[in-house]
Amino acid sequence: MTVNDWHLFPSLVEAISLRLRTAHQWLSSTNRSKATVLFTAHSQPGSPQANIEFIQAFSELAKAVADQATCQHWMLAYRSAGPAPQTWLKPDVFDRMEEVAQEGGKAIVVCDLLSLTENVEAIFDCSINSRLKAEACGLEFVSTEFLNDSADYIDALAAMIHERMIQSSTVY
């Protein structure tokens, strides 16, 4: 059984939104209202036209999480692009941070939507290197926790699989 279109499953969106709301509270009270959320995902090789489904799912998930978390200021950004000459999806998360700083932003929350469990690359990109870049831009910085093996994430996965199994059994 394949589980497609998992990105808008309500309990998954709620689990990510909870982490976003929590991270937002870690910001100083003076900068919370001036914070921009950067929803990130690992960049994909190729042009946007070659990645339409990926971009659509990423965008839909970002909007759903932002709506659930009542987040008003957010942008999409990609991370971990490979070296030239290969084309990768843009804008890059570091470019977005510079943009926020130039527009007078005060704080950044990085929320990776598609690396649901921690790994070395995601930690470096979303926490360590992003923190260094944000500090260089004069921005307060926090990143959301990854879902990992949290109870709400495991419950969301179980509910999603259960629902899809029921749907599959009624098809045959």
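The values are calculated or read from the model by the stated rules, or taken from the named source; none is laboratory data. Since the structure is predicted, the reported quantities are computational estimates derived from the model, not experimental observations. Backbone-built Cβ (ideal geometry, glycine too); neighbour counts: all protein chains shown. Side chains are part of the model used for accessible areas, which takes the heavy atoms of the whole protein and leaves out ligands, DNA and RNA. Shrake-Rupley method; radii C 1.70, N 1.55, O 1.52, S 1.80 Å.
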Can you pull out every residue in the stretch 13-54 that is more than 26 Å from TRP88 (Cα to Cα), in a helix (DSSP H, G or I), open to solvent by less than 20 Å² (accessible area, probe 1.4 Å) and not small (Gly, Ala, Ser)? VAL13, LEU20
Taking the condition closer than 13 Å to PHE39 by Cα and among the β-branched types (Val, Ile, Thr), does THR117 pass? no
Only one residue in ALA69, ALA57, ALA62 is in contact with a Lys or Arg (Cβ under 8 Å, 6 or more places away or on another chain), crowded, with 17+ Cβ neighbours inside 10 Å and among the aliphatic types (A, V, I, L, M), so which one is that? ALA69
Here the qualifying pairs (Cβ atoms under 8 Å; residues six or more apart or on different chains; first in the stretch 131-157 and free of Cβ contacts under 8 Å to residues at least 24 places away in the same chain; second open to solvent by less than 70 Å² (accessible area, probe 1.4 Å) and not hydrophobic (A, V, I, L, M, F, W, C)) come out as ARG131/SER143
Could you check the stretch 63-172 for helices (runs of 4 or more DSSP H) lying wholly inside it with 1 or more residues that are under 18 Å from SER28 (Cα atoms) and over 19 Å from the mean Cα position of the chain (by Cα)? 93-102, 129-136
